[in-house]
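Take a look at the structure set out below.
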Amino acid sequence: SLAFTRSAFVAKKRTYDQPNWFGVGLAFSTSAALWALLFKQHNDDVMEYERRLEERKHKCTGCS
């Protein structure tokens, strides 16, 4: 009898001939936004690393 029960989360049978373009667009745009955020954060981290590296090399006693 369990084979004939219907799940509460499935309201209608899926059709595979028409993709869910909203879901596809949402997935790709979310992925692109996360990659852009990753690249931006990486560039910020590299700039901060280079700034601290230069700051460590700077041994001027007059400006500290």
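The values are calculated or read from the model by the stated rules, or taken from the named source; none is laboratory data. Quantities reported herein were computed from a predicted structural model and do not represent experimental measurements. So basically every Cβ, Gly included, is an ideal-geometry build from the backbone, and we count neighbours across all protein chains shown. SASA here: full protein model, heavy atoms, side chains in, ligands and nucleic acids out. Shrake-Rupley method; radii C 1.70, N 1.55, O 1.52, S 1.80 Å.
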Restricting attention to the range 9-22, does a residue exist that is at pLDDT below 95 and surrounded by 10 or more Cβ atoms within 10 Å (Cβ to Cβ)? yes
Filter the range 21-64 down to residues that are among the aliphatic types (A, V, I, L, M) and not in a helix (DSSP H, G or I), then give me how many there are. 0
Can you go through Leu26, Leu34, Leu38 and tell me which one is open to solvent by 100 Å² or more (accessible area, probe 1.4 Å), within 15 Å of the chain's Cα centre (by Cα) and at pLDDT 95 or above? Leu34
